[in-house]
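S.K.: Right, I'll just put the structure down here and ask away after.
The values are calculated or read from the model by the stated rules, or taken from the named source; none is laboratory data. Since this is a predicted model, take the numbers as computed values, not measurements. Glycine also receives a Cβ, built like all others from the backbone with ideal geometry; neighbour counts cover every protein chain displayed. Note: areas computed on protein heavy atoms with side chains; ligands, DNA, RNA excluded. Shrake-Rupley method; radii C 1.70, N 1.55, O 1.52, S 1.80 Å.
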Amino acid sequence: MVDKTFGEKLENIDYFQRKGAYLIAIENNKLAVAKCHKGCFLIGGGMEKNEDQIDCLKREAIEETGHEVIVEGFAGSAESYFIHNHFGHFNPVQFYYHGRLGKKVCEPLNEGEEFTWIPLENFEDELYLEYQKWAVRKYLTDNGL
């Protein structure tokens with residue numbers, strides 16, 4: 001069961017479901033993000049076969065930031081239903097964790113993405129996905145920030 005659903009699930013439609021894990025990392029009033037041509041996204045991505053959420057988050061953090069990740073807790077989950085250019089009827093299910101980036105172990109590995117920190121007060125304008133904006137709002141509210 002997810003905390004929040006975006007979009008409407010159409011009846012009698014087979015959706016391609018992709019589960020993923022994402023990190024809400026805040027440091028010095030800035031949010032860690034991966035920036036690409038579309039905009040900014042929370043650090044994280046889709047889970048690979050036989051990978052759990054934490055393993056996914058650790059792998060994605062290395063790929064996107066070059067840093068190890070320190071997961072401090074679960075922050076919530078959301079899903080969306082929409083038509084994706086590549087996947088067709090798509091149902092991403094995202095699991096959000098809060099934590100911080102640890103030791104830098106390499107340069108970021110993902111071409112076309114840039115690891116950066118955005119001012120926390122700008123996350124609503126900077127994050128590309130509404131459900132990731134929701135996750136950050138939820139985390140901030142839940143923690144009185």
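S.K.: Kindly establish whether Ala34 is of a type in the set (A, V, I, L, M, F, W, C), over 20 Å from Val2 (Cβ atoms), touching a Phe, Trp or Tyr at 6+ places or on another chain (Cβ under 6 Å) and part of a strand (DSSP E or B).
M.R.: Taking the combined requirement at face value, the residue satisfies it.
S.K.: What number of residues within the range 93-126 satisfy the criterion of being part of a strand (DSSP E or B) and either closer than 17 Å to Thr141 by Cα or not charged (D, E, K, R) (or both)? Talk me through it step by step, then tell me what you get.
M.R.: First pass over the range 93-126, keeping only residues part of a strand (DSSP E or B): 93-104, 114-119.
Subset that is either closer than 17 Å to Thr141 by Cα or not charged (D, E, K, R) (or both): 93-99, 101-102, 115-119.
Qualifying residue count for the region: 14.
S.K.: Six or more apart or on different chains, Cβ under 6 Å: which pairs go from a residue in the range 97-125 that's within 18 Å of Leu57 (Cα to Cα) to one that's part of a loop (DSSP other than H, G, I, E, B)? Could you list them?
M.R.: Close Cβ pairs (under 6 Å, with a partner that is part of a loop (DSSP other than H, G, I, E, B)) amount to Lys104/Gly66; Cys106/Gly66; Glu107/Gly66; Pro108/Gly66; Glu113/Cys36; Phe115/Pro108.
S.K.: Looking at the range 130-145, I want the residues that are in contact (Cβ under 8 Å) with a residue 24 or more places away in the chain and have a partner that is loosely packed, with under 12 Cβ neighbours inside 10 Å with Cβ atoms under 8 Å, at least 6 apart or on another chain. Which pairs are those?
M.R.: Every condition considered, the pairs that remain are Tyr139/Leu145.
S.K.: A further question follows. Considering only residues that are modelled with pLDDT under 95 and open to solvent by 40 Å² or more (accessible area, probe 1.4 Å), which ones fall in the range 35-66?
M.R.: Passing the criteria: His37, Lys38, Lys49, Asn50.
S.K.: Moving on. Going by the conditions given, is Val69 open to solvent by less than 30 Å² (accessible area, probe 1.4 Å) and touching a helix residue (DSSP H, G or I) at 6+ places or on another chain (Cβ under 8 Å)?
M.R.: The answer is yes for Val69.
S.K.: Go through the range 55-84 and report how many residues are more than 19 Å from Gln17 (Cβ to Cβ) and not in a strand (DSSP E or B).
M.R.: 8
S.K.: Now a separate question. Do we find that Tyr139 is assigned to a helix (DSSP H, G or I), surrounded by 12 or more Cβ atoms within 10 Å (Cβ to Cβ) and touching a Pro at 6+ places or on another chain (Cβ under 9 Å) in this structure? Can you show your working first?
M.R.: On the way: assigned to a helix (DSSP H, G or I): yes; surrounded by 12 or more Cβ atoms within 10 Å (Cβ to Cβ): yes; touching a Pro at 6+ places or on another chain (Cβ under 9 Å): no.
Considered against the rule, which asks whether it is assigned to a helix (DSSP H, G or I), surrounded by 12 or more Cβ atoms within 10 Å (Cβ to Cβ) and touching a Pro at 6+ places or on another chain (Cβ under 9 Å), Tyr139 comes out as no.
S.K.: From (1) crowded, with 20+ Cβ neighbours inside 10 Å; (2) β-branched (Val, Ile, Thr); (3) touching a helix residue (DSSP H, G or I) at 6+ places or on another chain (Cβ under 7 Å), pick out the condition that doesn't hold for Val105.
M.R.: Condition (1) is where Val105 drops out.
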